[in-house]
Each structure stands twice: as C-alpha cells, then as structure tokens.
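Asks: My questions will all concern the structure given below.
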Amino acid sequence: MEEFMEAGKTAFPRRRAAAERNRDKILDAAREAFADPVPDISMAEIARRAGVGMATLYRNFPGRQELLEALYADEVDQICAAATIEPGQTPASALIAWLRLQIAFIPHKRLIISELLEHTDRDGITSHRGRAIEAGRPLLAAAQKSGQIRDDLTLEQIFDLIVAIAKVNESPDYLQPLFETAFDGLHRTTT
C-alpha cells in the first residue's frame, strides 16, 4: 500500500506540471493565432497550433470566451509584473519602456477585446485596465518626482492617448512615429 501511495505522490505533481505546460502551450498558440489578421480563428486551429487534442483544450478552456478571458488576464498579468525600474534605468526610461509593452500588446488585444465585448460585460475588461494602471502608478509617480515627466498628466490620460493612437486604422509602421511623438510629449520641457 505504501508503494502505491508513493507512486501516486510522484505521479500527481508530474501530471499537474504537464497540465500547466499544456495550458501555457494553448495560451501561447492562442496569443499567436489572435495576432493574425485572419478573423474567426477556430478552437480546433488553436488546439492544432498548440499541439494538443481538443479534449485537452476544452479541459483547460470550456469555451472560446474562457480562453479569451484567460489570454487577456495573462497579458495584463505580464504587463503588471513588468512595471518595475531596473537597475541603471531612469524613472522616465522605465515608464516609457513599460508603455511600449502596452503598445506591443495592442495587436493581440484588439481582436480579444472585440470578441470579449460580444460575450461579456465591459466591467471585466475595465477591471483589467484598472489593474494595469495601478501597477504603473509607481512608475509614473517616480518619473514625475524625478522631474523627467510632466506632472500634469495622469496614467489614465496616458493610456487614453495610447488607445486613441491605436484606434487609427493604419499599419504599425505608420503608428510608430505617432507613439514616439506622444512619448516625447510626456517629457518635461526645460525653459
């Protein structure tokens, strides 16, 4: 009986680790799939790209909405975790680097949010924005305190500026100079 129990103890963590790897593979495949300009990516296509069976996909995500919600939450978690000032970075450069992550997330977010809004309430999406803003507040405060970034802007205003630029229906090459101009405008000017 002890041998059986020991076997159960060692097998369970392996199964849990394998399940976590499968979940990560599904999220990675979905992130890549939803970045494609092709609309209406099927769950079967996501399973194929992840290299898992449909049963594994549906065990992790019972439906498309749950997959999209998990993907969006995962992206926001990554953005929140990145809201740090690394050694050698100025507060302003840390803030701008973090805002660039927001921009990198936009191609993925567009399709995800548009689909989520069809099937869920706006409050869930807004709460994720609130989490990102709360994570970034210390970066903005440090950059403003250092005198490098204008102190008449809130992080909500900066996010709204990024969203406004992202809504321009043009290529990333067209949008990038607009984002750079916005970032230049965040810096405090000396007279």
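The values are calculated or read from the model by the stated rules, or taken from the named source; none is laboratory data. It should be emphasised that the depicted structure is a prediction, and the values quoted were computed from it without experimental measurement. For neighbour counting, all protein chains shown are included, and Cβ atoms are generated from backbone atoms with ideal geometry for every residue, glycine included. Just so you know, the surface numbers come from the protein's heavy atoms only, side chains and all, with ligands and any DNA or RNA stripped out. Shrake-Rupley method; radii C 1.70, N 1.55, O 1.52, S 1.80 Å.
Asks: What number of residues within the range 156-191 are in a loop (DSSP other than H, G, I, E, B) and either open to solvent by 90 Å² or more (accessible area, probe 1.4 Å) or touching an Asp or Glu at 6+ places or on another chain (Cβ under 7 Å) (or both)?
Replies: Of all residues in the range 156-191, those in a loop (DSSP other than H, G, I, E, B) come to 167-171, 188-191.
Imposing the further condition that a residue be either open to solvent by 90 Å² or more (accessible area, probe 1.4 Å) or touching an Asp or Glu at 6+ places or on another chain (Cβ under 7 Å) (or both) reduces the set to 167, 169-170, 188-191.
Selection size over the range 156-191: 7.
Asks: Related question: Looking only at residues that are free of Cβ contacts under 8 Å to residues at least 24 places away in the same chain and under 19 Å from ASP40 (Cα atoms) in the range 50-73, which one is least open to solvent (accessible area, probe 1.4 Å)?
Replies: Once the filter is applied, the top-ranked residue is GLY63.
Asks: All but one of (1) touching a helix residue (DSSP H, G or I) at 6+ places or on another chain (Cβ under 9 Å); (2) under 22 Å from THR90 (Cα atoms) hold for GLU180, so report the exception by its number.
Replies: (1)
Asks: Among GLN89, GLN78, which is the only one that is of a type in the set (S, T, N, Q) and either within 19 Å of GLY130 (Cβ to Cβ) or touching a Leu at 6+ places or on another chain (Cβ under 6 Å) (or both)?
Replies: Numbers: GLN89 fails: either within 19 Å of GLY130 (Cβ to Cβ) or touching a Leu at 6+ places or on another chain (Cβ under 6 Å) (or both).
Testing whether each residue is of a type in the set (S, T, N, Q) and either within 19 Å of GLY130 (Cβ to Cβ) or touching a Leu at 6+ places or on another chain (Cβ under 6 Å) (or both) leaves just GLN78.
Asks: Within the range 74-93, can you find the residues that are part of a helix (DSSP H, G or I) and either of a type in the set (A, V, I, L, M, F, W, C) or buried (at least 20 other Cβ atoms within 10 Å of the Cβ) (or both)? Show your work before the answer.
Replies: Within the range 74-93, the subset part of a helix (DSSP H, G or I) is 74-81, 91-93.
Within the range 74-93, GLU75, VAL76, ILE79, CYS80, ALA81, PRO91, ALA92 qualify.
Asks: Follow-up. Looking at the range 128-155, which of the residues that are at pLDDT 95 or above and farther than 26 Å from GLY88 by Cβ is most open to solvent (accessible area, probe 1.4 Å)?
Replies: ASP152
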